[in-house]
1. Given H placed on each backbone N at 1.01 Å, which residues far from residue 90 in sequence or on other chains put an amide H within less than 5 Å of it?
2. Size of the dipole of the range 56-186 about the Cα centre, Lys and Arg at +1 and Asp and Glu at -1 on the beta carbon, nothing else charged, in debye to 20?
3. With the dipole of the range 55-191 worked out from charges on the C-beta (+1 for Lys and Arg, -1 for Asp and Glu) around the Cα centre, which of 85, 96, 186 lies farthest toward the positive end?
4. Leaving out ligands, DNA and RNA but keeping every protein chain, what accessible area does residue 122 have, in Å² rounded to the nearest 10, with a 1.4 Å probe?
5. Using alpha carbon centroids, what distance separates the range 112-174 and the range 49-95, in Å?
6. Using a 1.4 Å probe, how large is the accessible area of residue 75, given in Å² and rounded to the nearest 10?
Amino acid sequence: MNWVYGMQHWVKNVFEDLLWAASGNSEEIHTTVSRIVRAIEGRDVYLFRTEELESIADGLVECVDLNDLSSWMWKATTSLHFQNFAIFVLKPGPGTSFHPKICTSYNTDWIDRYVEKTYQFVDPVMRRAAEADGCFAYSELDQTSPLVEKFWQDAERHRIGRNGHCCAFTRPDGTRIGVAFSSRESQEKVQEIVRKFSSDLFSISQLAGEAFCYAVAGPTIQDCCLSELELRCLYILATSSSPEDASKVASFFGPKDSLEISIRRKLRVQNVFQAIAIAASKGWFNSLPYETGEIVSSLTPLQNTPKG
């Protein structure tokens, strides 16, 4: 074990030299190598309870698409004595996009019902996972609300159990991921499973969350893909003290709806506020060319300058 530990940190140092010394490498290479480093650092040090779970962990580290991920998660779910799993994005990090946002073994009837009833705002598992990082049993949730009870009754009618275990964690890029395993078994039976496999559940959940993000995350936004017109419009919206004045000025650049649609499409965001956050964090506004009103010439009288 000491030899394995030493090897991990030797490999980590080699990879860090690659990451930080070779600044010309693409962000995609950096992301992939970082993922390998995290896998090497955290996987072999921990011994899973069974060889089957260790094999599943290896599979989750190496899977690159949703088909592989679903297959390995099915194996993990049955090996851990649950009936269903769900991996879901609770909050995307700045500048990140995910499609799809949930990978689950729930039947299509329940998925359709869940979307139709907008149960994500009632689902106590989803709400608890969004609050903070950590693991919890469904039995720890507040079940007193009539809406929550109605939600569970509806789930049971669709063959979805109301007992289970969930882990939530925030990735370095700010994305919060939840991984849940549910069961139709009794609360006592699930508690027994969690006592037996608590560490395995946590490790499998983290590996599954990372694999899911790797498989479905959209390309990261490296270079500015906005036109000067779109970037200037965002800059005015970001720096104006009055929303009304900002909207009036922005309208000079063209139809507001068309600009916003174009900006949201290019940056894969839902609104202009997210677009402004991306542009500001990446320093894109600094690349805007000066406008006449932003230049003061010493060859013309200066207005409103303090006298020395």
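The values are calculated or read from the model by the stated rules, or taken from the named source; none is laboratory data. No experiment lies behind these values; they were computed from the predicted model shown. All Cβ positions, even for glycine, are placed from backbone atoms using ideal geometry, and neighbour counts span all protein chains on display. Just the protein is used for accessible areas: all its heavy atoms, side chains included, with ligands, DNA and RNA removed. Shrake-Rupley method; radii C 1.70, N 1.55, O 1.52, S 1.80 Å.
1. 176, 177, 178
2. 240 debye
3. Farthest along the dipole direction, towards plus: 186.
4. For residue 122, solvent-accessible area is about 30 Å².
5. Taking the Cα centre of each part, the range 112-174 and the range 49-95 sit 19 Å apart.
6. That residue has around 90 Å² of solvent-accessible surface.
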